[in-house]
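The values are calculated or read from the model by the stated rules, or taken from the named source; none is laboratory data. As the structure is a computational prediction, the values presented were derived from the model and not from experiment. For neighbour counting, all protein chains shown are included, and Cβ atoms are generated from backbone atoms with ideal geometry for every residue, glycine included. To get the accessible areas, we keep the full protein, side chains included, count just its heavy atoms, and leave off ligands, DNA and RNA. Shrake-Rupley method; radii C 1.70, N 1.55, O 1.52, S 1.80 Å.
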Amino acid sequence: MIAVEQERHRLARELHDSVIQTLYSTVLLASGWRMMAEQGRLDPGSTAVHFQQVADQSEQALKEMRLLLFQLRPPVLEQVGLVSALQQRLDAVERRVSIKTSLLTTGDWHTLPPRIEEELYNIAQEALNNALRHAQAKAILVQLHCRERQVELTVEDNG
C-alpha cells in the first residue's frame, strides 16, 4: 500500500512538473492570442507562428505523457517479458551506438511478479543510459541472477 501511494505521489509530481505545465502554458498562449484577435491586435502575418507554437507545445506534452505511460508498464514487458525486453534494449544500444553488449541470466526469472520486472527493467534502462552518457564504454554487461526470493541485477561497463 505504501509503495502504491509513493508511486501515485511520484506520478502526480511528474505530471505537474511536465505535462500540466506544458498544457497550462499552451492554454495561456492560445487564450491570449484569442483575446488579441478579438480586439484586432493580432498580426495576421504571425498567425502561422502562433499555431506552430501551440502545435510544438502540444507535441511536447504528448511526448511527456507517453513517457509517463511507458514508465507505468513498458509495453515490451507485457509482450515479451523481462529478459527478452532487456535483450531488445541491448540490441538497440548496439545498433545505435556500436557498443558491444551482453546479457547473462541465471535462475528462474520466469516467476518474477510484474511489478518487480518493471522495477528491474527501469533500473537497467537507467543504468544503461548513464553508461552511454557518462562512461565512454566500449562494452556493457547486464547480469540478472534469480535465486529463491532474491534477485540481483548488475550493469557493468568498461568505461
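Quick notes on this one:
- Strands (runs of 3 or more DSSP E) completely within the range 79-159 that count 2 or more residues being of a type in the set (Ser, Thr, Tyr) and surrounded by 14 or more Cβ atoms within 10 Å (Cβ to Cβ): 100-106
- Contacts under 6 angstrom Cβ, first residue in the range 9-37 being among the aliphatic types (A, V, I, L, M), partner open to solvent by less than 50 Å² (accessible area, probe 1.4 Å) and in a helix (DSSP H, G or I), 6 or more apart: Val19/Ala61; Val19/Glu64; Leu23/Ala61; Ala30/Val54
- Residues in the range 128-146 that are farther than 14 Å from Val83 by Cβ and modelled with pLDDT of 90 or more: Ala139, Ile140, Leu141.
- Pairs, first more than 18 Å from Pro75 (Cβ to Cβ) in the range 118-140, second in a loop (DSSP other than H, G, I, E, B) and of a type in the set (A, V, I, L, M), C-beta under 8 Å, six or more apart: Ala131/Ala137; Leu132/Ile99; Ala137/Ile99; Lys138/Ile99; Ala139/Ile99; Ile140/Ile99
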